[in-house]
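Heads up: the structure comes next, in structure tokens.
The values are calculated or read from the model by the stated rules, or taken from the named source; none is laboratory data. Quick caveat: nothing in here was measured; it's all calculated off a predicted structure. For neighbour counting, all protein chains shown are included, and Cβ atoms are generated from backbone atoms with ideal geometry for every residue, glycine included.
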């Protein structure tokens, strides 16, 4: 055996060079090398090495501390390899040969595919498909079972000490390895190893939460930096089923029809260049008071600020989304509601009935909006967080696939970025981390963005950050995703963890398909409300108890743990908002549900609503006196929202009407 020296490496390497750092290919085959013959400090200088032939030696494992960032091809055939985990440091490896190693088992092959995130060729065969199955699908099933073991038998000590945590880690890992049974017996060694690793990682995630990311200011004050990321669903739908759009029906044939471009289902992708847009402070005007049919407990207001060319006869513009401004620490902001529809956004003061701001973009059609609170630094460039103040911003998007960022208080539309080449269907901020924004688009992709903060000159940066769990409702059912990237995976697309199914699916036949989940809302951190298209009930179910179940091996589905059913209307109009739940006749269905976690609910006969607010009789003052708007009797309600103090209820219709309900002080239940 020849000793490994710098001179030998330069002789065996190519291209011929004078420095080890320049070598790209190295042949050390048939030198009867053992592990102790490979000097790690010397070999670590091979920073450009891409191909390495170590075949025909006597290696039992690979040097664990040896990192070669450029290495893509490694030949370890005809050795005595036993421990494949020693290859973990080679994260960029794409091709590996381990033929004629007597002690390599099927489980070892599986371990390699998980340890080496870029491995695609193994022993001369393309293993991309099977490797991805192990990395994502197989691992997802194991993770579900590991979490179930934890939630059933363990909990964190109080207080957490190093001694208690060490004992807990040992007991939890042993229990997980004993109780988690999955996959064929031929790979039981791999499964046990994988469970042990994942159980330790899961416990670390509970005891060592990740630090919150710092706000990043743009280094160039006049230029916005956008770093896109588009995690997509594992399975694409056929083109004829891709549409996610509300399909609204006009209830009166004598009303003017909405033009094709006003419906998300018929919207075409914008091809025109971006036009400048400004927040337009408009003249404050009083909202017309509407007489109520029956109940006197609430005062109602009606606003038509989204009308085309400010026409009072526009009953065709559909209004799609509304949201209240989050309250600040001083308690202000809770009575302002933002609405979108057509080419405009409006900010309305519910207490005074005034339209405070209007934002208009020619050629756009807004489908969704969301409020959040981010930090605004006092000076430009990099500033300390101590000089930052909370700032309420509004994000909106629609037909053109662009997200607009607006600071309504200062009448500034300070930025935009492209979230998709298709129309945007929904925008949602994370309620715990206000700078995290989810966008859902009509190409069946959900993207997570970190919009960061802004400085006093409105410089900002948009970056990618994937760290949360995601629950997604669509035409193909309800799906649960883990948005956290694998530790060493470069793949940004997410495969679904599981599909959540509901009891009504058992009633499906060729004429009835209940899989479209067109309403989804969290009542607490654990209790979820959802409704299925064509089903006349709303399900309340537990997220933690549902996701703790083991998914079906083939369909990756679990049954929702239903806590109760709420009686709702029977309608064939989809995508009616779920909060206070509206229907296709202009009514709002309300339910008084308290102490959800203290009661033991049982599914069965649906619970009746506490109160149904009927559609009011709209009245309008004109030149000829007060006139009734009979042509808009009972439209579909596309969206509803309530302010943080539950004093105002805002409903948006498909007839260009914003209805504001005010709760009287002596009314305790809505």
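Restricted to segment 421-478, the set of strands (runs of 3 or more DSSP E) holding at least 3 residues that are modelled with pLDDT under 80 and touching a strand residue (DSSP E or B) at 6+ places or on another chain (Cβ under 8 Å) comprises 461-464, 469-474.
In segment 153-192, of all residues being in contact (Cβ under 8 Å) with a residue 40 or more places away in the chain and farther than 27 Å from residue 107 by Cβ, the one that is surrounded by the fewest Cβ atoms within 10 Å (Cβ to Cβ) corresponds to 160. The set of residues from segment 486-544 being modelled with pLDDT of 75 or more, touching a helix residue (DSSP H, G or I) at 6+ places or on another chain (Cβ under 9 Å) and more than 28 Å from residue 320 (Cβ to Cβ) comprises 498, 526, 544. Among residues that are more than 47 Å from the chain's Cα centre (by Cα) and either within 26 Å of residue 187 (Cα to Cα) or assigned to a loop (DSSP other than H, G, I, E, B) (or both), residue 45 is not included. Residues that are touching a strand residue (DSSP E or B) at 6+ places or on another chain (Cβ under 7 Å) and not assigned by TED's automatic domain parsing to the domain that holds residue 93: does segment 129-142 have at least one? Yes, segment 129-142 contains at least one residue that is touching a strand residue (DSSP E or B) at 6+ places or on another chain (Cβ under 7 Å) and not assigned by TED's automatic domain parsing to the domain that holds residue 93.
Got a number for residues in segment 344-363 being in contact with a strand residue (DSSP E or B) (Cβ under 6 Å, 6 or more places away or on another chain) and assigned to a loop (DSSP other than H, G, I, E, B)?
First pass over segment 344-363, keeping only residues in contact with a strand residue (DSSP E or B) (Cβ under 6 Å, 6 or more places away or on another chain): 344-350, 353, 355-360.
With the extra rule that they be assigned to a loop (DSSP other than H, G, I, E, B), the set shrinks to 350, 353.
Of the residues in that region, 2 qualify.
Applying a threshold of 9 Å to beta carbon distances and a minimum spacing of six or more residues, or different chains, the list of pairs starting in segment 520-531 at a residue that is part of a loop (DSSP other than H, G, I, E, B) and ending at one that is at pLDDT 75 or above and surrounded by 13 or more Cβ atoms within 10 Å (Cβ to Cβ) reads 523/529; 523/540; 525/543; 526/542; 526/543; 526/545. Residues in segment 101-129 that are surrounded by 14 or more Cβ atoms within 10 Å (Cβ to Cβ), more than 32 Å from the chain's Cα centre (by Cα) and part of a loop (DSSP other than H, G, I, E, B): 101, 104, 105, 123.
Could you please let me know if residue 128 is without any contact (Cβ under 8 Å) to a residue 12 or more places away in the chain and over 27 Å from residue 177 (Cα atoms)? In short, yes. Looking across segment 324-335 at every residue that is surrounded by fewer than 22 Cβ atoms within 10 Å (Cβ to Cβ) and touching a strand residue (DSSP E or B) at 6+ places or on another chain (Cβ under 8 Å), the one that is modelled with the highest pLDDT is identified as 324.
Here is a check on your reading of the model: is residue 71 surrounded by 18 or more Cβ atoms within 10 Å (Cβ to Cβ), under 46 Å from the mean Cα position of the chain (by Cα), more than 28 Å from residue 102 (Cβ to Cβ) and modelled with pLDDT of 90 or more? Considered against the rule, which asks whether it is surrounded by 18 or more Cβ atoms within 10 Å (Cβ to Cβ), under 46 Å from the mean Cα position of the chain (by Cα), more than 28 Å from residue 102 (Cβ to Cβ) and modelled with pLDDT of 90 or more, residue 71 comes out as no. Taken over segment 534-572, the residue count meeting the criterion of being touching a strand residue (DSSP E or B) at 6+ places or on another chain (Cβ under 7 Å), part of a loop (DSSP other than H, G, I, E, B) and under 15 Å from residue 501 (Cβ atoms) is 5. Taking residue 199 as meeting all but one of (1) within 30 Å of the chain's Cα centre (by Cα); (2) at pLDDT below 90, write down the number of the exception. All conditions pass for residue 199, except number (2). In the set (1) touching a residue at least 40 places away in the same chain (Cβ under 8 Å); (2) in contact with a helix residue (DSSP H, G or I) (Cβ under 8 Å, 6 or more places away or on another chain); (3) closer than 23 Å to residue 57 by Cα, residue 122 fails one condition alone, (1).
Tell me yes or no: at least one residue of segment 419-435 is more than 28 Å from residue 645 (Cβ to Cβ), without any contact (Cβ under 8 Å) to a residue 40 or more places away in the chain and surrounded by fewer than 22 Cβ atoms within 10 Å (Cβ to Cβ). So far as segment 419-435 goes, no, none of its residues is more than 28 Å from residue 645 (Cβ to Cβ), without any contact (Cβ under 8 Å) to a residue 40 or more places away in the chain and surrounded by fewer than 22 Cβ atoms within 10 Å (Cβ to Cβ).
Let's see how each residue does on (1) at pLDDT 75 or above; (2) over 31 Å from the mean Cα position of the chain (by Cα); (3) in a strand (DSSP E or B); (4) surrounded by 19 or more Cβ atoms within 10 Å (Cβ to Cβ):
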position	(1), (2), (3), (4)
621	no, yes, yes, no
634	no, yes, no, no
640	yes, no, yes, yes
646	yes, no, no, no
650	yes, no, yes, yes
656	no, no, no, yes
661	yes, yes, yes, yes
665	no, yes, no, no
668	no, yes, no, no
